[in-house]
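Every number here is computed from the coordinates shown, using simple stated rules; none is lab data. This structure is a prediction, so every number in the text was calculated from the model and none was measured. Here the Cβ positions follow ideal geometry from the backbone for every residue, glycine too, while neighbour counts run over all protein chains shown.
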Amino acid sequence: MIRVTLPTHLRTLANVTGPIELQIEEPVTQRAILDALESAYPMLRGTIRDMATKERRPFVRFFACGEDLSHESIDAAVPAEVVTGAEPFRVIGAMAGG
Amino acid sequence: MSEVRVLVGTRKGAFILRSDEGRKDWAVEGPLFPGWEIYHITGTPSDPNRIYASQSGGWFGQLIQRSDDGGKTWETVGNEFAYDGVPGTHQWYDGTQHPWEFKRVWHLEPSPTDADSVYAGIEDAALFHTDDGGKTWHELPGLRDVKGNLWQPGAGGMCLHTILLSPDNPNRIFVAISAAGAFRTDDGGTSWRPVNEGLHSDYELPDAAAEVGHCVHSIALHPSRPNILFMQKHWDVMRSDNAGESWHEVSGNLPSDFGFPIAVHAHEPNTIYVVPITSDSHHFPPDGKLRVYRSRSGGEEWEALTNGLPQSNCYVNVLRNALAVDSLDSCGLYFGTTGGQVYVSSDSGDNWMPIVHDLPAVLSVEVQVLP
């Protein structure tokens with residue numbers, strides 16, 4: 001079971017309070033996780049990936065296992081700990097202070 | 001007794017302000033969608049409890065929210081605004097051509113007769129429509145055929161911010177686009193043409209009287225006189241007596257003819273309102289005095305309305321969608337500022353009072369009168 005954590009705004013939008021659990025067949029990739037997430041929570045469509053380009057939005061990051069996976073290929077396998085559910089796949093709103 | 005409901009969109013959420021028709025005592029609800037930019041929140045004439053909101057943000061893009069119970073509960077509806085076909089290009093800041101890219105929804109204009117029918121004005125400028133209550137949106141692409149390749153974004157973005165549905169002709173729509181101008185369709189949105197004759201942009205355009213490229217900030221009309229239009233342009237307050245075929249200036253004795261919103265009194269079609277600011281580089285009121293200006297003659301002769309408004313050290317702005325008029329017998333006016341104040345006048349602008357002082361910067365104000 002894949003666990004996905006969302007930033008505050010997206011948890012509010014999806015009406016969830018904690019991690020989201022998703023059943024995804026292997027191979028588990030970022031694309032597979034995001035497809036499953038948007039399928040289960042259609043209100044998130046367009047908020048993580050641009051609706052037209054399907055690219056990650058500029059101020060969204062993907063973290064897992066202490067690593068920034070944002071610049072990995074969307075079709076690359078995610079770490080084994082994410083696949084087993086030991087570690088969450090974290091969707092992050094990038095820092096933008098000032 | 002009627003209820004008055006003011007819908008306020010801000011940089012950090014939406015607020016609903018409620019009062020009776022006395023408009024003296026107000027209840028404040030919100031923030032709704034806290035932390036998000038609400039460019040526009042508006043009710044539907046044919047079903048006042050149907051409310052639409054444009055919710056956006058730098059991190060997570062654009063959402064459209066819909067309420068069917070007057071703002072108590074909300075659901076997200078469709079947020080896919082895909083340009084028709086190959087989007088094409090428009091002029092970029094450096095003179096090159098740049099692809100059309102969806103950024104946000106600036107304005108939502110529901111049909112007066114069908115709560116499921118709504119027009120949306122977006123950035124990069126285009127007009128969209130839904131006929132299923134916001135589930136799906138499709139572009140009216142003929143608008144961008146009107147020399148869209150020459151449109152160039154101004155500093156505020158290339159946004160379609162004003163949509164006027166003609167009250168006497170369901171096939172006629174006016175729209176206004178920053179740094180592009182005013183446009184009209186007479187066939188329900190299939191074909192469009194610019195309606196900018198008489199506009200002069202001496203400092204902004206190499207050809208001051210160009211067919212497109214004028215920075216129109218807002219347009220308004222009165223339902224009883226649908227061919228008379230009033231415009232607040234980047235500079236100049238303008239009037240057309242022939243549905244936009246030509247315009248003439250009515251800035252008259254205004255202290256500055258730069259501003260963003262313009263509105264028409266609910267019962268006096270020749271009474272109009274603007275909120276002048278100093279200049280394009282000084283987006284605050286002249287002399288630090290927040291003054292609404294009223295003309296009872298359809299322009300040219302203006303009077304300052306100041307009673308209850310700050311007359312010293314005031315340096316806020318009033319944005320283009322942030323001035324509204326109610327339909328009560330004693331006509332009410334409402335405006336919100338970039339300083340987070342929302343003011344009300346229940347007597348056509350003679351006297352004002354703040355409803356709230358400290359909201360986030362106000363982007364839009366709309367008002368509903370409920371039975």
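Identify all residues within region B:341-371 that are under 22 Å from B:Ala304 (Cα atoms) and crowded, with 19+ Cβ neighbours inside 10 Å; write none if there are none.
B:Gln341, B:Val342, B:Tyr343, B:Val344, B:Ser345, B:Ser346, B:Ser348, B:Gly349, B:Trp352, B:Ile355, B:Val365
Out of curiosity, is B:Ser46 surrounded by fewer than 16 Cβ atoms within 10 Å (Cβ to Cβ) and among the small types (Gly, Ala, Ser)?
Numbers: surrounded by fewer than 16 Cβ atoms within 10 Å (Cβ to Cβ): yes; among the small types (Gly, Ala, Ser): yes.
Considered against the rule, which asks whether it is surrounded by fewer than 16 Cβ atoms within 10 Å (Cβ to Cβ) and among the small types (Gly, Ala, Ser), B:Ser46 comes out as yes.
Of all residues in region A:1-15, which are crowded, with 20+ Cβ neighbours inside 10 Å and facing chain B (nearest Cβ under 9 Å)?
Across region A:1-15, the qualifying residues are A:Leu10, A:Leu13.
Could you pull out the residue among B:Leu143, B:Leu127 that is surrounded by 20 or more Cβ atoms within 10 Å (Cβ to Cβ) and either among the basic types (Lys, Arg) or within 15 Å of B:Val195 (Cα to Cα) (or both)? First the steps, then the outcome.
On the way: B:Leu127 fails: either among the basic types (Lys, Arg) or within 15 Å of B:Val195 (Cα to Cα) (or both).
Being surrounded by 20 or more Cβ atoms within 10 Å (Cβ to Cβ) and either among the basic types (Lys, Arg) or within 15 Å of B:Val195 (Cα to Cα) (or both) holds for just one of B:Leu143, B:Leu127, which is B:Leu143.
For region B:147-196, how many residues are over 21 Å from B:Trp235 (Cβ atoms) and in contact with a Pro (Cβ under 6 Å, 6 or more places away or on another chain)? First the steps, then the outcome.
Our first condition is that a residue be over 21 Å from B:Trp235 (Cβ atoms); within region B:147-196, this holds for B:147-149, B:163-173, B:184-193.
Remaining after also requiring in contact with a Pro (Cβ under 6 Å, 6 or more places away or on another chain): B:166-168.
The total comes to 3.
Under 9 Å by Cβ, and 6 or more places apart or on different chains, what pairs join a residue from region A:49-66 that is more than 15 Å from A:Arg31 (Cβ to Cβ) and more than 7 Å from every other protein chain (Cβ to nearest Cβ) with one that is of a type in the set (Ser, Thr, Tyr) and in a loop (DSSP other than H, G, I, E, B)?
Pairs that qualify, where the first residue is more than 15 Å from A:Arg31 (Cβ to Cβ) and more than 7 Å from every other protein chain (Cβ to nearest Cβ) and the partner is of a type in the set (Ser, Thr, Tyr) and in a loop (DSSP other than H, G, I, E, B), are A:Arg61/A:Ser70; A:Phe63/A:Ser70.
Would a scan of region B:30-49 turn up a residue that is among the β-branched types (Val, Ile, Thr), under 23 Å from B:Asn317 (Cα atoms), in contact (Cβ under 8 Å) with a residue 60 or more places away in the chain and within 14 Å of chain A (Cβ to nearest Cβ)? Even if it seems obvious, please write down each step before you answer.
In the first step, residues of region B:30-49 are kept if they are among the β-branched types (Val, Ile, Thr); the result is B:38, B:41-42, B:44.
Still in the running and under 23 Å from B:Asn317 (Cα atoms): B:38, B:41-42.
Right, trim to in contact (Cβ under 8 Å) with a residue 60 or more places away in the chain and you get B:38, B:41-42.
With the extra rule that they be within 14 Å of chain A (Cβ to nearest Cβ), the set shrinks to B:38.
Yes, because at least one residue in region B:30-49 is among the β-branched types (Val, Ile, Thr), under 23 Å from B:Asn317 (Cα atoms), in contact (Cβ under 8 Å) with a residue 60 or more places away in the chain and within 14 Å of chain A (Cβ to nearest Cβ).
Determine whether region B:276-297 contains at least one residue that is closer than 30 Å to B:Met1 by Cβ and surrounded by fewer than 16 Cβ atoms within 10 Å (Cβ to Cβ).
Kept after step one, since they are closer than 30 Å to B:Met1 by Cβ, are these residues of region B:276-297: B:292, B:294, B:296.
Those left that are additionally surrounded by fewer than 16 Cβ atoms within 10 Å (Cβ to Cβ): B:296.
Yes - at least one qualifying residue is present in region B:276-297.
So which residues in region B:68-88 are within 14 Å of chain A (Cβ to nearest Cβ), among the charged types (D, E, K, R) and surrounded by 13 or more Cβ atoms within 10 Å (Cβ to Cβ), if there are any at all?
B:Glu80, B:Asp84
Considering only residues of region A:16-42 that are free of Cβ contacts under 8 Å to residues at least 12 places away in the same chain and within 13 Å of another protein chain (Cβ to nearest Cβ), which is nearest to A:Ile92 (Cα to Cα)?
By that ranking, first place goes to A:Glu38.
I'm trying to understand the selection: among the residues of region B:1-28, which are hydrophobic (A, V, I, L, M, F, W, C) and under 21 Å from the mean Cα position of the chain (by Cα)? Steps first, please.
Our first condition is that a residue be hydrophobic (A, V, I, L, M, F, W, C); within region B:1-28, this holds for B:1, B:4, B:6-8, B:14-17, B:26-28.
Once the filter is applied, which keeps residues that are hydrophobic (A, V, I, L, M, F, W, C) and under 21 Å from the mean Cα position of the chain (by Cα), region B:1-28 yields B:Val4, B:Val6, B:Leu7, B:Val8, B:Ala14, B:Phe15, B:Ile16, B:Leu17.
Scanning region B:94-110 for residues that are among the charged types (D, E, K, R) and within 22 Å of the chain's Cα centre (by Cα), which turns out nearest to the other protein chains (Cβ to nearest Cβ)? Spell out how you get there, then give the answer.
Let us first name the residues in region B:94-110 that are among the charged types (D, E, K, R), namely B:94, B:101, B:103-104, B:109.
Restricting the remaining residues to those that are within 22 Å of the chain's Cα centre (by Cα) gives B:101, B:103-104, B:109.
Numbers: B:Glu101: 8, B:Lys103: 11, B:Arg104: 12, B:Glu109: 22 Å.
Here the residue is B:Glu101.
So which of B:Gln91, B:Gln62 is polar (S, T, N, Q) and within 14 Å of chain A (Cβ to nearest Cβ)?
Working: B:Gln91 fails: within 14 Å of chain A (Cβ to nearest Cβ).
Just one listed residue meets the conditions, B:Gln62.
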